[in-house]
Amino acid sequence: MIAVLDVGKTNVKLSAAAADGTIVESLCVPNPVLAGPPWRHHDLNALSDWTFETLAILSRRHAFSAFVTSGHGSGGVLTGAAPDAGDGAALPMIDYEQPLPADIRDGYAPLAGTFLDRGSATMHGATHQARQLYWMEQREPHAFGKARWYLGLPQYWAWRLSGVAASEASFLGAQSHLWNVAEARWAPIVSARGWQRLMPPFAKAWQALGPVRPELARRFDLPEGLPVLTGGHDSSLNHYRYHTAGLRDFTVISTGTWIVGFSGSTPVERLDEHRGMTLNSDVFGNPLGGILTMGGREFSQIAGSDPPAEPVPLETVARLIAQRTFAVPSFGEGDGLFPDSAGRGRILGPPVAEPMERKALALLCCALLTAECIGMLSDDRLVVLDGSFLRDPLYARLVASLLPGRAVRVNLDAYGVAAGAALLAGQERRRHPAPLTLGKPTNLEDLTPELIGYAADWRALAGAAPGKRNEFEHAKGSFHG
């Protein structure tokens, strides 16, 4: 059995997983955040106690052979030299969703380098580890000067347990702005700011850094000698899960707060940072073309605060398509796939009044966003959908119908990241593909021609200047959500 710590922005899970990635037991806690000072930050002390105590509880029920962590790509920890000094942090871990001070934003911009150095556009709030480091350096120079390591989230937890510090390619390749994936080198900001001293040597995601520290094992009654793996970026580990199953030349789309797409076959020159495209890394250090947009936030804005629990009826979506009601992004604070669209999201055409109609419109918009992501990202024939949007069966059917030339498949397993992390433990001795069951959604044959036409109109509206949207709005009438 493998112990898997999955650190998300909102929740943290600790799971017991079989060697084939099957999740046997999972416990969850909210990821606590404190208001500050010196900035809004994650409560690593509270999370440490929960993690070690929960690992002890699970260890009494499962015989673990390894511990591994996955983490979201917008967090890292500046540490001291001792993992047992409090939570080990030299400065509190910044919450990436808080607004950035204007002087930090403006001072960082000219230091950030090219798109290949960054791997993404410069995104909202305090996103990007390099920008967080710059903020710490500017505001707390004394504490910054005494720091020993800067560690990505998975590597921070590996260090807390093993005492060994490491850098890892998939996590640094997740829009950290610290690592140039295409050229496999540090971004220029690292040497320009003298940050090399904070960057530990690289280790593979599946590499055992060392056993759980004896003093930590004694304090929390943890298994003695339990190997601690380096760990990696959550979405990259989800992609790895499909790689271990023998899939090649495929695009995977994971859905939740973000719609995240990855393809190993995307040429670097195809990536457009102004349309939500990214250059990531797989766990082997190879470039992964990426794309991301906050689909979950768009869904919430369109559907409203209390959407119906029932699945969306096909006839409701068909009615919205027939009457040409459109939810045109972006409703959130980021541009997503459409430049200069942030905060300009509108519902155009005949209004939607009933809660189920709003939910249907939200689902339809997210299916369109997903198809747009896939079309921009790659020409792979095989597309795999996973994540929370699949809870509504109509979502996958809409996406499949929007992509008639692709083989769209679905994975209903809700633990893809944890499964991928667990599979790392077998990387060096795996001789056969890991098990994977994919479903095939049925196309909406009777609705597909109307849906394809509707998608073309939606795409034109989404890419239109605000004035053009307003012309449609005045001509057709609209309801502003």
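The values are calculated or read from the model by the stated rules, or taken from the named source; none is laboratory data. If you're wondering where the values come from, they're calculated on a predicted model, not measured in any experiment. Every residue, glycine among them, receives a Cβ derived from its backbone with ideal geometry; neighbour counts consider all protein chains shown. Side chains included, ligands, DNA and RNA excluded: accessible areas come from the protein's heavy atoms. Shrake-Rupley method; radii C 1.70, N 1.55, O 1.52, S 1.80 Å.
Structural remarks
- Of all residues in the range 1-20 being of a type in the set (Gly, Ala, Ser) and open to solvent by less than 60 Å² (accessible area, probe 1.4 Å), the one that is modelled with the lowest pLDDT: Gly8
- Any hit, the range 97-104, residues being part of a helix (DSSP H, G or I), modelled with pLDDT of 95 or more and either under 27 Å from Ser236 (Cβ atoms) or open to solvent by less than 20 Å² (accessible area, probe 1.4 Å) (or both): yes
- If you go through the range 29-76 and pick out every residue that is among the hydrophobic types (A, V, I, L, M, F, W, C) and open to solvent by 20 Å² or more (accessible area, probe 1.4 Å), you end up with 9.
- In the range 190-207, the residues that are crowded, with 19+ Cβ neighbours inside 10 Å and either in contact (Cβ under 8 Å) with a residue 60 or more places away in the chain or in a helix (DSSP H, G or I) (or both): Val190, Trp195, Leu198, Lys204, Ala205, Trp206
- Evaluation of Ala367 against (1) in a loop (DSSP other than H, G, I, E, B); (2) without any contact (Cβ under 8 Å) to a residue 40 or more places away in the chain (one fails), failing number: (1)
- A search for C-beta distances below 9 Å between a residue of the range 57-80 that is under 22 Å from Leu237 (Cβ atoms) and assigned by the TED database to the domain that holds Gly145 and any residue that is open to solvent by 30 Å² or more (accessible area, probe 1.4 Å) and among the hydroxyl-bearing types (Ser, Thr, Tyr), counting only pairs 6+ apart in sequence or on different chains, returns nothing.
Residues checked against (1) open to solvent by 10 Å² or more (accessible area, probe 1.4 Å); (2) at pLDDT below 95; (3) on the phi > 0 side of the Ramachandran plot:
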residue: Leu382; (1), (2), (3): yes, no, no
residue: Ala396; (1), (2), (3): no, no, no
residue: Ala400; (1), (2), (3): no, no, no
residue: Pro404; (1), (2), (3): yes, yes, no
residue: Val408; (1), (2), (3): no, no, no
residue: Asn411; (1), (2), (3): no, yes, no
residue: Ala414; (1), (2), (3): yes, yes, no
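- Any hit, the range 348-357, residues being among the β-branched types (Val, Ile, Thr) and modelled with pLDDT of 95 or more: no
- Being of a type in the set (S, T, N, Q) and farther than 22 Å from Asp234 by Cα is a property that Gln138 has.
- Hey, Thr122 assigned by the TED database to the domain that holds Arg148, modelled with pLDDT under 95, under 27 Å from Glu183 (Cβ atoms) and surrounded by fewer than 19 Cβ atoms within 10 Å (Cβ to Cβ) or not: yes
- Residue check, Thr69 of a type in the set (Ser, Thr, Tyr) and modelled with pLDDT under 95: no
- Only listed residue being in contact with a strand residue (DSSP E or B) (Cβ under 7 Å, 6 or more places away or on another chain) and aliphatic (A, V, I, L, M), chosen from Leu279, Leu320: Leu279
- Scope the range 133-157; condition closer than 15 Å to His72 by Cα and either in a helix (DSSP H, G or I) or open to solvent by 30 Å² or more (accessible area, probe 1.4 Å) (or both); matching residues: Leu153, Pro154, Gln155, Tyr156, Trp157
- Condition met for Ala418 (among the hydrophobic types (A, V, I, L, M, F, W, C) and open to solvent by less than 40 Å² (accessible area, probe 1.4 Å)): yes
- Residue within the range 181-188 that is in a strand (DSSP E or B) and in contact with an Asp or Glu (Cβ under 8 Å, 6 or more places away or on another chain) present: no
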